[in-house]
1. Taking θ = phi - 60°, what integer Hz values does the Karplus form 6.51 cos²θ - 1.76 cosθ + 1.60 yield along region C:225-233, in sequence order, with x for Gly and Pro?
2. Describe numerically, in nm with one decimal, the distance between label points set 7 Å from Cα along Cα→Cβ at C:GLU153 and at B:TYR11.
3. Looking at region C:1-70, what % of the alpha carbon pairs are farther apart than 21 Å?
4. If you add up the charges near A:PHE355, with Lys and Arg at +1 and Asp and Glu at -1, over every other residue whose beta carbon is less than 12 angstrom from its beta carbon, what do you get?
5. Shape verdict for region B:123-209, please, from the Cα gyration tensor: rounded (a/c under 1.5), prolate (a/b greater than b/c) or oblate.
6. Any idea how far apart A:ALA49 and B:GLU221 come out in nm if each label point goes 7 Å out from Cα toward Cβ?
7. Given q = 0.18, 0.28 Å⁻¹, what are the Debye log10 I(q)/I(0) values for region A:51-100, with equal point scatterers placed on the Cα positions and solvent ignored?
8. Going down the table (A:LYS33/A:LYS59; A:LYS175/A:LYS235; A:LYS276/A:LYS336), which pairs top 20 Å between alpha carbons?
Amino acid sequence: MTISRRNLIKSSALGSLALAMPNIVRAQLTTLKVVWMGWPDNQVLPLMAEFEKRNPTIKLALERMPFQQIFQALEIRLNARNGDPDIFIVDSPLTASYASRGHLMELDSIIDKKRFAPSGIAAASFDGKIYSAPFGSSMQVLYYNKDMFKAAGVTPPSADPASRWTWEQLVEAGKKMSKPAENIWGFTFEQQERPYQLLPMGQSLGGTALSPDGFKASSYIDGPAFVEGFTFMQKMYTESKISPPGQFDTALTPELFGAGKCAMMVAGTFVFDTLKTKFPNLDFGVAPHPYFAKGKPVTPTGAWHFGVNARTQQKAAASQFVTDMLSDDMNVLWYKLRPYVPTLNAVWEKEASSFTSDLWKIAKYDVQNTAVPRPATPGFREYEDIVRVALRDIQSGANAQQILTAAAQKIDREIAKYKG
Amino acid sequence: MSHRLSEGLRYTLLVIIAVILLTPIYWLVMSSLRPADHIFRFSGNFSIETLIPFAFTLDNYSQALQSNVGRALFNSLFVSLTTVICGVFVNSLAGFAFAVFDFRFKKLLFVLILLSFMMPFESIVIPLYTLMRTIGWTDTYAALIMPEVAGGLIIFLFYQFFRGIPREIYEAARMDGANWWQIYYKMTMPLSGPTIATASLMIFIHQWDAFFWPLVATSSERLAVIQVAIARNMTMEQANWGAFFASASLAVLVAMVPFFWLQRHYVKIVITNADR
Amino acid sequence: MFRHPWAPYAFIAPAFIGLFVFRFIPIGLSGFGSFFSENLRGDMVFVGLKNYAELMDDPSFWNTMRVTLIFNLIINPFQICCALALAMLVRRPSKFIDVFRLGFIMPMTVSIALTSIIWSILLDPTLGPVNGLLRWGGFQSQPFFRSEHQALETLILVATWKGAGYWMIFLLSGLLAIPKEIDDSALIDGATGIRKFISITLPLMKRPLAFVLVADTAANFLLFAPVYIITNGGPNGATQLLMFEAYQAAFAYINHGRSMAISTIILVVVLLIAMFELRLFIPAEEEQS
């Protein structure tokens, strides 16, 4: 027996409600309902205002949700399956998940692939078609506290990607500056438990995080490369004690670094501005993301895209939104408001003058040479959640192989449902 | 044990408990007064500065007020107070019925009442949202208020209290020719000061704390409630702890007002009744 | 008990309409939904008891049941004893007692989400003032939420921090309602005080205690925010409560059938325990009078 959920609920709701309130009267203009990330006002509003200026007949009903709840709230809205919201933020690895469940509109006809970096298009595609709009990308770099290095007499890492530090070098340096008893640490990841941050540990040793078809984790995430990579990570907390354990709040780790309690931190390019404005007295430098000596450099990437609801009632207006947002000057405006690593090639050229700093030279090099996006699978939510829990447990000392094998089995079980 | 000693012991315990219960709130407010780079500077290593901020600023508050916080406070107050007024009325009526009458299906209906507050909210949120969409209430104050007016727990609260009123009082009133509405309205409710106060507090706090449902059910800025406004300060790459603590402190301070107000009247009513 | 042809129904009507529309219909749909499985396109397929069978076979679900039951077995009596102790302490009017009564209910003004965030920072191994204080006093800093041996206990304490004052209100009004002539002594008064407490005060507190017990049980079985915000069920499943498992099933594993099955189980368990608790406190004969 198959029942369409919407009909089931509709009939029972209407059946028991004798008095139904009248529907809200629709506006005269075309209104697009947009669910966006809760980024600060001064970064989002100018962008949206610019769009409305260019399109006087389209009004944007903008809703910004806090990061912690955005996925869940979107799930509930999308579950109602009626075209609300018209446009919504899509974390790039979720493209496959939303697309396979019929929530995203195909964008091949309105996006010109050649204008974008290949990794951006790859992150936006599912089953050979583009489903989300590549709006930006991300890159991680190594921040270090110049004063702490000087005080300990350690030579800081160079900003040249050709001579980037190895993880082994980082641990050695960290040990010299770490004083756990006084709450001073050598190193921390910005995101201590997220696959986004930590998969490169295994990928640098040659590991692949998931089967190419996106449905099998066993013998991939629990292979020797990841076991070795994550065990190395574990030892930073348990043996060499250069990292403060249990810092899972990504809003707190930059505070640690900024307050001078941690000598090194691998974090997003984004943190640069935060550090500069919040901690003006902090003397810090940037270096490329480390790698394993016997492996190759791998850096995390992937970003906030946005997508069009497959059931939108405003197809034309929504397509216009996509086209405008991805236009050269709108994308440059977005970059200026919120400096993400660009996926649109034009932005690199147009804003060349702002890319001269160490930070951007490193970011540009890595995004074009060492970046590996997260695995593409419709079951990404499940994958990420399960690996996250595994990483937490590994950090606190559990046996990496056991944890990863159990996680891989769980992942396989959960993503099997997308095969049908 | 001498009276002096036991009093001393009592007050010592009171102070210790008060410290445990109030320090986190104190810390919250103090943190909101610190400049951005000082917020966590003194939290890890204990010193006098951990407790008292030497560097003092109202920047965080001005930031918070510039964003939507003022409107959000108004929304939450409006929603909470409206739910309190409707809720006290609707639920006390039901509690009265269960306490005073015997009627067909009473046992079954009572079990249903219990059931209604035992259901995990996260599991009814999806059908509830779809329901809201169907009747066109998404993005309205109605969506925030109506689902929370009738509450099994409050009905149960009134029921327990009303059960304690002696039967003779009702019999006398019936003999005087009063109808049940008059008995409820003129006799029982006036006696129920403390219970009404408690119910009001519970409903108010429940609505004041509301977060996930308002996030899902409403989308416009003009309807944002305070907890959502607070949470919005926590973005992925760039948490504004200062504004977060400032708006959270405002939420806590505003929520304290009904307590202060009720506290004065509450104890008076209870003591008067107890001395009956 | 009185009888009347239509008055009782008129009185309960407004509340029941509200409950029916906004609670029972969604609950019903949810329970109904537990017998279905949703395919990718959103169509529901009837699978009978498959979701429940899968849960029974899942060792992690049994772990969750175990953790949840242990949690509730400890926290419910603990919270109520704390609330009762608080109520007894502030019961007798004396100097400044008003201040203390108010102070004790202040944690109610902090939402559970905010409470979770604040305590998560306060108890943080590195940035937390509590550990800072411990270190300053010469003690070792504690992992609290980051250790599988301390996480559940810490959760109980944080939940009690918020809840004790809340439940105290009901118990206090119960205590204050006890007529003066019957009970005139303070909490700490020696052996006579304790005997008086057990044989006189407690029996008179049956109704408030019953109310608090049932309501607290429901609240604790449904506890979600601290697990979601602080521990995510960890470390290593130590705080994996049923409510969080239901949430994960729906929003992480996009398996709504499974989520509704877990929710229905929670509902049934809480209902059974609540009815048991009511029986315990208010024997059947009293109900019928």
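All of the numbers you see were taken from the coordinates with simple rules; none came from a lab. As the structure is a computational prediction, the values presented were derived from the model and not from experiment. Here the Cβ is made from the backbone with ideal geometry for all residues, glycine too, and neighbour counts use every protein chain on show.
1. So the Karplus estimates, Gly and Pro as x, are 3, x, 5, 5, 7, 9, 9, 6, x Hz.
2. 3.3
3. More than 21 Å apart: 57 percent of the Cα pairs in region C:1-70.
4. In short, 0.
5. Prolate shape, in that a/c is at least 1.5 and a/b is the bigger ratio.
6. About 1.0 nm separates the two model spin labels.
7. Reported log10 I(q)/I(0), two decimals: -0.70, -1.18.
8. Too far apart for the 20 Å limit: no listed pair.
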